[in-house]
Amino acid sequence: MAPAASRAAVEHCVNKLRQHRAVATRYDKRDRIYQGTIGVASIRIRLRYPVM
């Protein structure tokens, strides 16, 4: 993957994650809990859009 394409893919992923309210607002204050929230949001995105 070219650097520009790689950057676009990362930006797309971050934008998808920010659509989840708990991720976008940083609802969880503890880092470990926030990482878990990002993990769950990532799994939900992956299950909803299996091929990107």
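The values are calculated or read from the model by the stated rules, or taken from the named source; none is laboratory data. All values derive from a computational prediction rather than experimental measurement. Here the Cβ positions follow ideal geometry from the backbone for every residue, glycine too, while neighbour counts run over all protein chains shown.
Of all the residues in the stretch 22-39, those that are exposed (fewer than 13 other Cβ atoms within 10 Å of the Cβ), modelled with pLDDT of 85 or more and either assigned to a helix (DSSP H, G or I) or touching a Pro at 6+ places or on another chain (Cβ under 7 Å) (or both) number 6. Among the residues of the stretch 2-15, is there at least one that is in a loop (DSSP other than H, G, I, E, B) and more than 9 Å from the chain's Cα centre (by Cα)? Yes; the residues of the stretch 2-15 include at least one that is in a loop (DSSP other than H, G, I, E, B) and more than 9 Å from the chain's Cα centre (by Cα).
Where residues in the stretch 2-21 are more than 17 Å from Ala41 (Cα to Cα) and not small (Gly, Ala, Ser), which of them is modelled with the highest pLDDT? Going through the qualifying residues, I end up with Arg7.
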